Amino acid sequence: MRVMVLWCPDWSVVAGLAEAEQPERMPAAVLSGNVVEVCNGPARAEGVRRGQRRRDAQSRCPDLLLLHDNPDRDARAFEPVLATVEELRPGVAALRPGLLAVRAPGSWFGTEQNAAATVSQALVESAVWDVRIGIADDLFTAEQAARRAVVQGWEVVAPGGSAGFLRTLPVDVLEGDGPAGREAVSLLRRLGLPTLGDLAALPGDAVEHRLGRYGATVWRRARGEDPALFAARTPPAELDVEVVFEPPLDSVEAVAFSVRTTAERFVAQLAARQLVATGVRVEADADGATVSARTWLHPRYFGARDLVDRVHWQLQPAAGSALRSRKQSGSVRAPIERVRFVPETVEPAAAHGEALWGGSSDDLVERGVARVQGMVGFDAVRRPVLQGGRSPASRQATVPWGERAVDLRPVDRPWPGRVPGPPPVRVFTSPLLADVVDDVDRPVAVTERGAVTAEPRRFRVGGDRVRLPWQPVSAWAGPWPVDETWWAGGAGLRSRFQVVGADGRAWLMVCGADGWSVEAGYD
């Protein structure tokens, strides 16, 4: 069996740029854990490399566009590539987003070169420009051949030639196997084995004894005897549902009313397969082109009413949410000819079963909030969520009601400079001015080295108009210094203190170059 591997380099960046509607030649990188996971060619030309810290990458390329790591987005973007190859040769296996394998269809197209040319042309016609193909006797060799092919080109390893092809490759190609591969590469370099040919020349039992089971697998790969197989996927069922309006509708209310039956059919179609949709793309066509498209996420799963509401919110004009006149809120920019529901994220229905006593109260709350959103706008009704950060204000975020929170800073990171202990109860939108003095009424400050100039003895809190009276400090803790966004002209060095007054009220204060302020209160 001959294997064809198709590789689309830097696919995470390609998918992220497409989602952000940015040009493909913009320098960009995908970050995972504040480390560059993938970067594209323009970024590499500026010195950005995989494994760099965020600041190092930005220092080498100030115009670098940073994208968040999103495997679901990458898989969705790669689905059209899989579908295109499946039309030419069934039995496609998605190894990961950007990499697929299939049995080489040589006899079907005459020769393996003709098959590779046909697949490459089909993908280029589908707007996938950087595609590279490798064909060999085994999966590992075919992947390495694809990685050495030119853009929109192919590399064919002759039958029985895998060992000769792999002999000169550096052991660095094993780094794609993750931590185990990187550890093996480091060890092989220290042992003086820079190429796969050097590894293949060693006795197999000695390699397995030194590197374990993974080493034995790598040794067989280097000899062109890769035993790895791939399972062809079953093409997913067509779950898209659409409705065509003849004549086209020019009213948002008319469109929302007319899609109700289609939304019910969409939900019933998923239910028949024991599935629910947690992410749905709604597309609206006018004059033969898609004029509105948006992916909606749901914290639980979509019902027919939820889909109708999303269509209504999506087609509403963006200007003047609560101040729109009735005529403005009921009109659309162009008569709508077609509405399509595309499930982008589906999950087993069993994972979203109702509680033992049902969830009628939650449903009533959601319907009530949905009615409010219909009057004031989808983005006007929001709910708070927690994210990572150093200050109480930076840990707050809001998302529209009914939308899933994405792109939040992780909470489980260390966040040096964050104040420990229980979080404050109240966080002020605008920090309140404050004064803190020592025994002789001199203002207390913090030096550049993080030392307090004197022990706080009295303080007062208030705004520009009203100031509370002075009161003694009964207890205090700190400072917790932090220097954020200094490279962008930020606030500079700031230190946080926990201060308890004689009345028993506790405050979270900040001492900076511009004096003291109160960020939050613990009452």
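The values are calculated or read from the model by the stated rules, or taken from the named source; none is laboratory data. What you see is a predicted model; the values in this text were computed from it and never measured. Because the Cβ atoms are built from the backbone with ideal geometry, glycine has one as well, and the counts that use them run over all protein chains shown.
Which residue, of ARG50, ARG76, ARG25, is closer than 27 Å to GLY388 by Cα and assigned by TED's automatic domain parsing to the domain that holds GLU112? Break it down stepwise before answering.
On the way: ARG76 fails: closer than 27 Å to GLY388 by Cα; ARG25 fails: closer than 27 Å to GLY388 by Cα.
Just one listed residue meets the conditions, ARG50.
Within the range 400-414, does at least one residue satisfy the condition of being in a strand (DSSP E or B) and within 30 Å of ASN70 (Cα to Cα)? Quick ask: steps written out before the conclusion?
To start, the set of residues in the range 400-414 that are in a strand (DSSP E or B) comprises 400.
Adding the requirement that they be within 30 Å of ASN70 (Cα to Cα) leaves 400.
Yes, that holds for at least one residue.
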Residue in the range 512-522 that is crowded, with 18+ Cβ neighbours inside 10 Å and either at pLDDT 90 or above or acidic (Asp, Glu) (or both) present: yes
The one condition in (1) surrounded by fewer than 14 Cβ atoms within 10 Å (Cβ to Cβ); (2) touching a residue at least 12 places away in the same chain (Cβ under 8 Å) that ARG305 fails to fulfil: (1)
Per-region count, the range 23-63, residues out of contact with any strand residue (DSSP E or B) (no Cβ under 9 Å at 6 or more places or on another chain) and closer than 21 Å to ARG413 by Cα: 2
Flag for GLU175 being within 27 Å of VAL128 (Cβ to Cβ), surrounded by 14 or more Cβ atoms within 10 Å (Cβ to Cβ) and modelled with pLDDT under 85: yes
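Tally up the residues in the range 251-274 that are within 17 Å of GLU347 (Cβ to Cβ) and out of contact with any helix residue (DSSP H, G or I) (no Cβ under 6 Å at 6 or more places or on another chain), please.
Step one: filter the range 251-274 for residues within 17 Å of GLU347 (Cβ to Cβ), giving 266-274.
Narrowing the set further to residues that are out of contact with any helix residue (DSSP H, G or I) (no Cβ under 6 Å at 6 or more places or on another chain) leaves 266, 268-273.
Looking only at that region, the number is 7.
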Residues that are more than 18 Å from PRO23 (Cα to Cα) and crowded, with 19+ Cβ neighbours inside 10 Å, drawn from the range 53-69: ALA57
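Residues checked against (1) among the hydroxyl-bearing types (Ser, Thr, Tyr); (2) assigned to a helix (DSSP H, G or I):
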position	(1), (2)
LEU123	no, yes
ALA127	no, no
ILE135	no, no
ALA142	no, yes
PHE165	no, yes
THR168	yes, no
TRP219	no, yes
GLU225	no, no
LEU229	no, no
Output for the range 246-269, where each listed residue is under 30 Å from the mean Cα position of the chain (by Cα) and farther than 11 Å from ALA304 by Cβ: GLN269
Filtered residues of the range 148-163 (kept if within 19 Å of ALA115 (Cβ to Cβ) and either of a type in the set (Val, Ile, Thr) or part of a helix (DSSP H, G or I) (or both)): VAL150, VAL151, VAL156, VAL157, SER162
Breaking point among (1) exposed (fewer than 14 other Cβ atoms within 10 Å of the Cβ); (2) in contact (Cβ under 8 Å) with a residue 24 or more places away in the chain, for GLN121: (2)
Meets criteria (assigned to a loop (DSSP other than H, G, I, E, B) and modelled with pLDDT under 80) for GLY374: no
Residue check, PRO227 farther than 30 Å from SER162 by Cα and either out of contact with any helix residue (DSSP H, G or I) (no Cβ under 9 Å at 6 or more places or on another chain) or modelled with pLDDT under 85 (or both): no
Those residues of the range 398-414 which are more than 17 Å from the chain's Cα centre (by Cα) and at pLDDT 80 or above, in sequence order: THR398
Residue count, the range 186-215 (criterion: in contact with a helix residue (DSSP H, G or I) (Cβ under 6 Å, 6 or more places away or on another chain) and either at pLDDT 85 or above or not aliphatic (A, V, I, L, M) (or both)): 9
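Can you find even one residue in the range 180-198 that is in a loop (DSSP other than H, G, I, E, B) and in contact with a strand residue (DSSP E or B) (Cβ under 8 Å, 6 or more places away or on another chain)?
Residues of the range 180-198 in a loop (DSSP other than H, G, I, E, B): 191-194.
Next cut, in contact with a strand residue (DSSP E or B) (Cβ under 8 Å, 6 or more places away or on another chain) only: 194.
Taking every residue of the range 180-198 in turn, at least one turns out to be in a loop (DSSP other than H, G, I, E, B) and in contact with a strand residue (DSSP E or B) (Cβ under 8 Å, 6 or more places away or on another chain).
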Flag if ALA18 is under 21 Å from ASP407 (Cβ atoms), of a type in the set (A, V, I, L, M, F, W, C) and either at pLDDT 90 or above or touching an Asp or Glu at 6+ places or on another chain (Cβ under 7 Å) (or both): no
